[in-house]
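Heads up: the structure comes next, in structure tokens.
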Amino acid sequence: MEVKYPEDSKTTLTDLVLPSETNPLNNLFGGELLARMDRAASIAARRHSRRIVVTASVNHVAFNKAVPLGSVVTVEAKVSRNFKTSMEIFLDVWIEDRESGRRSKANEAIYTFVAVDDTGNPVPVPQIEPQTKLEQERYDAALRRKQLSLVLAGKMKPKDATELKALFVNDK
Ligand SMILES: CC(C)(COP(=O)(O)OP(=O)(O)OC[C@H]1O[C@@H](n2cnc3c(N)ncnc32)[C@H](O)[C@@H]1OP(=O)(O)O)[C@@H](O)C(=O)NCCC(=O)NCCS
């Protein structure tokens, strides 16, 4: 099967924060950011698989930094690892300083998408080969995140989550 690289799926969405998208503190509403990340992740998963893709799970979201009204927000999404029919998508969210143009990291998230056929049945996706150190780190950690997600969803027994268990057993 065809091999692809994380860079092949790279998706960048840049947009403003408008008043209708903020909370009472005039910061970006969390649900709006989740939707922007879902859109970017969906495009990345589609670029990797060239299939219809659906969101299977939001594995992790960290709202580390508030995003003020008027900010220019950039969401970057890349497939970090493929499994058989599912893909982990890593998202980095940046805001841009108006005067200097310098970008700072605001948030990050990890989504899982599944490639499906016209009737919604899961179908295999291409293999991915990480190229950079960061891509390799994200690739290496993706299996335990998948196992954690499946355990939390009640789709895997904790005793079968071998990679996840190894994290706790081996961590001194
Ligand atoms: C996602 C979906 C296609 C999975 O279908 P399914 O019948 O559970 O199929 P499977 O059990 O074969 O799972 C397919 C893949 O998804 C993965 N998966 C399913 N649930 C998961 C979860 N909670 N976390 C991580 N991976 C998950 C499975 O591990 C499997 O991966 P693999 O083939 O790469 O090993 C199905 O549940 C679905 O269509 N859900 C609705 C999607 C949707 O509408 N999203 C938008 C929400 S509004």
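Is it fair to say T112 is among the polar types (S, T, N, Q), touching a residue at least 24 places away in the same chain (Cβ under 8 Å), within 12 Å of the ligand (Cβ to nearest atom) and surrounded by 15 or more Cβ atoms within 10 Å (Cβ to Cβ)? Yes, satisfied.
Going through the stretch 1-28 one residue at a time, which ones are β-branched (V, I, T) and either without any contact (Cβ under 8 Å) to a residue 12 or more places away in the chain or in a loop (DSSP other than H, G, I, E, B) (or both)?
Here is the first cut: in the stretch 1-28, the residues β-branched (V, I, T) are 3, 11-12, 14, 17, 22.
V17, the sole residue that qualifies.
Within the stretch 127-172, the set of residues being within 12 Å of the ligand (Cβ to nearest atom), in contact (Cβ under 8 Å) with a residue 24 or more places away in the chain and assigned to a loop (DSSP other than H, G, I, E, B) comprises just one member, A153. Check Q136 against each of (1) closer than 15 Å to Y5 by Cβ; (2) under 16 Å from the mean Cα position of the chain (by Cα); (3) buried (at least 19 other Cβ atoms within 10 Å of the Cβ) and name the one condition it does not meet. Single failed check for Q136: (3). Check the stretch 45-65 and report whether any residue there is at pLDDT below 95 and over 14 Å from the mean Cα position of the chain (by Cα). Scanning the stretch 45-65 turns up at least one residue that is at pLDDT below 95 and over 14 Å from the mean Cα position of the chain (by Cα). The criterion of at least 2 residues that are among the hydroxyl-bearing types (S, T, Y) and under 24 Å from Q131 (Cα atoms) is met, among strands (runs of 3 or more DSSP E) falling completely within the stretch 39-107, by 72-82.
Scan the stretch 88-100 for residues that are exposed (fewer than 11 other Cβ atoms within 10 Å of the Cβ) and either within 9 Å of the ligand (Cβ to nearest atom) or closer than 23 Å to E32 by Cα (or both) and the total you get is 1.
Being modelled with pLDDT of 95 or more, surrounded by 17 or more Cβ atoms within 10 Å (Cβ to Cβ) and among the hydrophobic types (A, V, I, L, M, F, W, C) narrows it down to one residue among V123, V75; which is it?
On the way: V123 fails: surrounded by 17 or more Cβ atoms within 10 Å (Cβ to Cβ).
The match here is V75.
Of all residues in the stretch 80-87, none satisfies being surrounded by fewer than 21 Cβ atoms within 10 Å (Cβ to Cβ), away from the ligand (no atom under 16 Å from the Cβ) and not small (G, A, S).
The values are calculated or read from the model by the stated rules, or taken from the named source; none is laboratory data. Treat the numbers as computed from the prediction; the structure is a model and nothing was measured. For neighbour counting, all protein chains shown are included, and Cβ atoms are generated from backbone atoms with ideal geometry for every residue, glycine included.
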